[in-house]
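What follows is calculated from the coordinates using simple rules that are stated; it is not laboratory data. Computed from a predicted structure; not experimentally measured. Positions of Cβ are backbone-derived with ideal geometry, glycine not excepted, and every protein chain shown enters the neighbour counts.
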Amino acid sequence: MKISSMFSPGKTVFSFEVFPPKKTSPVETIYETLDALHTLNPDFISVTYGAGGNAADSSTCDIASIIKHKYHIEPLAHLTCINSSREDVDINLQRLADNDIENILALRGDINPDLPPKQDFAHASDLISYIKAKTGDRFHLSGACYPEGHQDSPSLVDDVLALRKKVDAGANHLISQLFFDNSYFYSFVERARIAGITVPIEAGIMPVTNRKQIEKMVVMCGASLPPKFTKIMQKYEHRPEALRDAGIAYAIDQIVDLLSHGVDGIHLYTMNNPYIARRITESISSLLQTGA
Ligand code: FAD
């Protein structure tokens, strides 16, 4: 099933993100995670892809295939392009098609200063155009978006104009970078709609439940930390259980506000932690029901 067909008036799509286990962890760890996550009935589960673009690594497709064929949940396979050649992308597209995967989140990937980009794709929009030209409507294509602007963008206006190019190239669904202040998301959606972007935009929510995660997230994506969030994190930073519960409560609070504003969808960055995903899902499931 293509993800674009999941969106309809009055329904809020609810989805999860997982990542393939590190090479040092046993692959079975992801099976345990999926075993627990699938019982929460998300509309789809996305699986990240390494920015290194190693076409020999089939872990994203393998996990997406398990999600589809074992758990009967629609997968969304991430695919980056900055360190990939057309041949690398072709290998991945063939592998996804062979596994009946219908949904791809087409991404540029972060530029690694130690790994010179390959020349075939400069932006996610180039990857989207390439997949469209090569495979027509075989795949539903999603793209990433940035409520506070992408770090490489000179301005919010440039960023939204670049996003419009991505949608014009064929992205028919967007998932946002994480944010901790919903007002950034609402302003972004307004900018996107003014720019003529009409596709559904899912809000990416990351429950922050430990200290290391906060530092990593801020460095990686530059999300602003509102005073309410910082205060909570400072108060509980030395009490792991309290910090976890406060992080879960904060994410639920964000989601309730987003739902009451009629958001198209919520994409939960689960960090492969089913316990946290369960607590959040159970708290909001009645709000997700159509007509509620
Ligand atoms: P692009 O859309 O190419 O944008 C990158 C920059 O170029 C932006 O500043 C944009 O404004 C500008 N730009 C875009 N198109 C044009 C154009 N046509 N002309 C001029 N300028 C343009 N990374 C991974 O490595 N693996 C993952 O699995 C992964 N999953 C992600 C999932 C989500 C939901 C999000 C939000 C991010 C994810 N990332 C992942 C991170 C992502 O790869 C980085 O944020 C990366 O730096 C940008 O990727 P992009 O696809 O948004 O790039």
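Could you please give the count of residues in the range 63-97 that are out of contact with any Asp or Glu (no Cβ under 6 Å at 6 or more places or on another chain), away from the ligand (no atom under 12 Å from the Cβ) and either outside any helix (DSSP H, G or I) or closer than 25 Å to residue 126 by Cα (or both)? Summing the residues that are out of contact with any Asp or Glu (no Cβ under 6 Å at 6 or more places or on another chain), away from the ligand (no atom under 12 Å from the Cβ) and either outside any helix (DSSP H, G or I) or closer than 25 Å to residue 126 by Cα (or both) in the range 63-97 gives 17. Of all the residues in the range 13-56, those that are touching a Phe, Trp or Tyr at 6+ places or on another chain (Cβ under 7 Å), in a loop (DSSP other than H, G, I, E, B) and not hydroxyl-bearing (Ser, Thr, Tyr) number 2. Among the residues of the range 98-109, the ones that are within 16 Å of the ligand (Cβ to nearest atom) and more than 24 Å from residue 150 (Cα to Cα) come to 1 in all. Restricted to the range 182-292, the set of helices (runs of 4 or more DSSP H) holding at least 2 residues that are closer than 30 Å to residue 25 by Cβ and within 18 Å of the chain's Cα centre (by Cα) comprises 211-221, 240-260, 274-288. Return yes or no: is residue 120 without any contact (Cβ under 8 Å) to a residue 40 or more places away in the chain, more than 8 Å from the ligand (Cβ to nearest atom), part of a loop (DSSP other than H, G, I, E, B) and farther than 22 Å from residue 204 by Cα? Yes: the conditions hold for residue 120.
Residues in the range 146-170 that are more than 9 Å from the ligand (Cβ to nearest atom), outside any helix (DSSP H, G or I) and of a type outside the set (Ser, Thr, Tyr): 147, 148, 170. Do you know which of the residues in the range 172-215 that are away from the ligand (no atom under 16 Å from the Cβ) and of a type in the set (Gly, Ala, Ser) is nearest to residue 240 (Cα to Cα)? My answer is 183.
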